[in-house]
Amino acid sequence: MLTQALLVDDSRSVLNYLKRHIEAEGLVEATAFLDPVEALACARERVFDLVLVDYEMPQMDGISFIRVFRSLPGCADVPIAMVTSRQTDDVRMEALQAGATDFLPKQPQSLEMTVRLRNLIQLGAAVRKLNDRAAHLASEVAAATRKLGEREEEIILRLALAVEYRDNDTGEHTLRVARYSRVIAEQLGLPARLCRDIYLAAPLHDVGKVAIPDNILLKPGRLTDDEMAVIRTHATIGERILADSGCELIQLGAQIAAGHHERWDGAGYPNGLKADEIPVAARVVAVADVFDALTTRRPYKEPMPIEVARSYLVENKGRQFDPACVEAFLSRWDEVVGIAAGERATPFQRAEAPLAPIRESPVEGRSPEAVTAS
């Protein structure tokens, strides 16, 4: 690849000489301008490896040109030589402070110019090669980071699904809670990255249920007080499973697992947190989790009609739920209805077949309070 040089001088004869001289060995392609303003406009659109600029020009002197050029994106390291016959200490110092790399004497057929110019061409080519290598490495790092993130997300989802298949028919609860949570987070105006992370970490909310015995977790009927106490340990267990991770998504999952059964009024568990003491991600997932639990079939209950579940959220905002989260959820009701109906709009991959048998005959159900507590 030829080294791309930008030449700027208000003298046409000097420009022609510089162009012939710099292109003589066939290693450089030069673009010449009499007007420094036009040269800067070109530099905003093209990449140059080397710049030669005159010091004395009527529209803009060379030092001012260098300052502007250095401020352009990608131009901080480009070698710049000032072509001048006025090489006083003051001029040289000002030019160097502006960003000049070297100086060329304005003397045709000068041996010094030939040697310095050859060195500048080599430097420009080396800088281009170094920048290309850095860009390539940055691209490889970005690709590797993206792939690592994708693997983290897949691991999180599969862990969540493994838990969900113990407590639910197909794992769809996990996916719907993630989508409901994203709706709420976005409507609350949370930062885009946090909305994404809540969406990805929400499926971990019930990971602690891996430690709950099947005879309690899958009991097709009303739980005793002792059994309910065991169920409630899943929040603390989930936090312990996910605690102290170096992965930010897992850390967020730990917050959600620990806090999604806390209540706005402080009557929740395991820590009795209230209002803003509860992490915002847990407050978001609490609404999503309860709504989905109420509107879907479980071993112990029939699904609640969607409008009745909506009324339950409204009646309990400010008590069980963060009012802002409930309002955010209801303000995008059409999307909520679509998710509940099974619309597919998620990067999470659904299982093609359930890993647990579908239970068609639920028996005596639990109250909404018992459902949402577990």
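The values are calculated or read from the model by the stated rules, or taken from the named source; none is laboratory data. Computed from a predicted structure; not experimentally measured. Don't worry about glycine lacking a Cβ; one is built from the backbone with ideal geometry, like all the others, and counts go over all protein chains shown.
Being outside any helix (DSSP H, G or I) and at pLDDT 85 or above is the requirement here; does Pro108 meet it?
So Pro108 fails the test.
Pick from the range 187-214 the residues that are crowded, with 19+ Cβ neighbours inside 10 Å and among the acidic types (Asp, Glu): which of them is modelled with the lowest pLDDT?
The extreme case among them is Asp206.
Just a yes or no: is a residue in the range 77-84 more than 22 Å from Gln122 (Cβ to Cβ) and surrounded by 23 or more Cβ atoms within 10 Å (Cβ to Cβ)?
no
Would you be able to tell me the number of residues in the range 163-180 that are of a type outside the set (Lys, Arg) and modelled with pLDDT of 75 or more?
The number of residues fulfilling the criteria is 7.
When you check Val51 against the structure, is it more than 41 Å from the chain's Cα centre (by Cα), in the same structural domain as Ser11 (by TED's automatic domain parsing) and under 19 Å from Glu23 (Cβ atoms), yes or no?
No, not satisfied.
Of the residues Pro305, Pro323, which is over 23 Å from the mean Cα position of the chain (by Cα), more than 25 Å from Val163 (Cα to Cα) and at pLDDT below 95?
Result: Pro305 is the single residue among Pro305, Pro323 that is over 23 Å from the mean Cα position of the chain (by Cα), more than 25 Å from Val163 (Cα to Cα) and at pLDDT below 95.
Of the numbered conditions (1) of a type outside the set (Asp, Glu); (2) in a helix (DSSP H, G or I); (3) more than 22 Å from Ala328 (Cβ to Cβ), Gly246 satisfies every one except a single condition; which is it?
For Gly246, the exception is condition (2).
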